[in-house]
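Note sheet for the following structure.
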Amino acid sequence: MSMTITRSVQSSELSRNSREVFKAADEGPVIVTRRDGEDLVLESRQNVETERAGVELASHLVAASLAPSDAPFAERLMSVFPWMEFLSASGREEFAEEVVRVARACAAVSRYERLLITLNSWQDSAVAISMGYADRQVEWLDEGETVPDPRA
């Protein structure tokens with residue numbers, strides 16, 4: 001898996017100038033080279049957690065695609081994402097197509113934020129449908145209304 005390294009520093013620089021190295025790590029991964037050991041990568045916890053979650057999600061997609069079954073892919077995904085039950089048949093198909101397309105794009109750039117956003121959006125939609133919001137009529141206003149600032 002390739003990752004964009006924004007900077008490479010020697011371990012002695014980390015000791016002497018940790019503030020600058022930490023600042024660089026906030027912007028992206030930093031390689032810390034060591035004379036007496038393997039190089040290390042310093043990056044934010046959020047980046048690591050997002051990457052792990054993205055890779056885990058991608059592995060679920062691969063497992064579902066390889067599952068020994070004649071069932072369509074969207075149906076096989078339901079074992080991984082049971083909340084898909086609340087989506088319509090066409091919604092399940094649309095989710096399956098979108099999540100695979102986004103997963104491939106994210107893997108190509110080794111950034112998984114967009115994949116997690118896509119998954120969360122679909123899951124939130126399923127939750128809303130399960131609560132009956134899909135059955136409600138929405139009344140659109142022809143003209144906007146001014147409302148008071150809630151911070152006031």
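At-a-glance table
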{"item": "Degrees between helix 18-27 axis and first principal axis of the chain (Cα, 0 to 90, nearest 10)", "result": "30 degrees"}
{"item": "Label-to-label distance, nm, for residues given as Trp83 and Ala71 (7 Å Cα→Cβ offset)", "result": "1.9 nm"}
{"item": "Neighbour cut-off at most 16 other Cβ (10 Å), DSSP loop, GluC sites (Glu not before Pro), region 30-123", "result": "Glu38"}
{"item": "P(r) weight above 12 Å for region 49-90, C-alpha pairs, percent", "result": "61 percent"}
{"item": "Against the rule of thumb 2.2 N^0.38 Å, how large the Cα Rg of the chain comes out", "result": "1.49"}
{"item": "Amide proton proximity set for Gln10, modelled H, under 5 Å, gap of 5+", "result": "Thr33"}
{"item": "Which of Arg111, Arg136, Arg52 is most accessible, then next, and so on - probe 1.4 Å", "result": "Arg52, Arg136, Arg111"}
{"item": "Per-residue HN-Hα couplings for region 97-107 [Karplus 6.51, -1.76, 1.60; θ = phi - 60°; Hz; x = Gly/Pro]", "result": "5, 5, 5, 5, 4, 5, 4, 5, 5, 5, 4"}
{"item": "Sparsely packed chymotrypsin sites (Phe, Trp or Tyr not before Pro) within region 79-152, loop by DSSP, other Cβ within 10 Å at most 15", "result": "Trp140"}
{"item": "Residues in region 29-66 that a label on Glu13 would reach, taking backbone N under 16 Å of a point 7 Å out along Cα→Cβ", "result": "29-35, 39-43"}
{"item": "Max mean-square fluctuation residue, GNM over the chain, Cα-Cα springs under 10 Å, options Thr33, Thr118, Thr50", "result": "Thr33"}
{"item": "Derived scalar couplings ³J(HN,Hα) [region 87-95; Karplus, 6.51 cos²θ - 1.76 cosθ + 1.60; whole Hz; x for Gly, Pro]", "result": "7, 5, 4, 5, x, 5, 5, 4, 4"}
{"item": "The chain: most fluctuating residue of Val55, Val102, Val32 per GNM, C-alpha cutoff 10 Å", "result": "Val32"}
{"item": "Solvent-accessible surface ranking, highest first, for Met131, Met78, Met84 at 1.4 angstrom", "result": "Met131, Met78, Met84"}
{"item": "Label-point separation in nm, Asp124 to Asp26, each point 7 Å along Cα→Cβ", "result": "2.7 nm"}
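The values are calculated or read from the model by the stated rules, or taken from the named source; none is laboratory data. Just so it is clear, the model here is predicted, and its values are computed rather than measured. Virtual Cβ from ideal backbone geometry, glycine too; neighbours counted across all protein chains shown. The accessibility values were calculated without ligands, DNA or RNA, using every heavy atom of the protein model including side chains. Shrake-Rupley method; radii C 1.70, N 1.55, O 1.52, S 1.80 Å.
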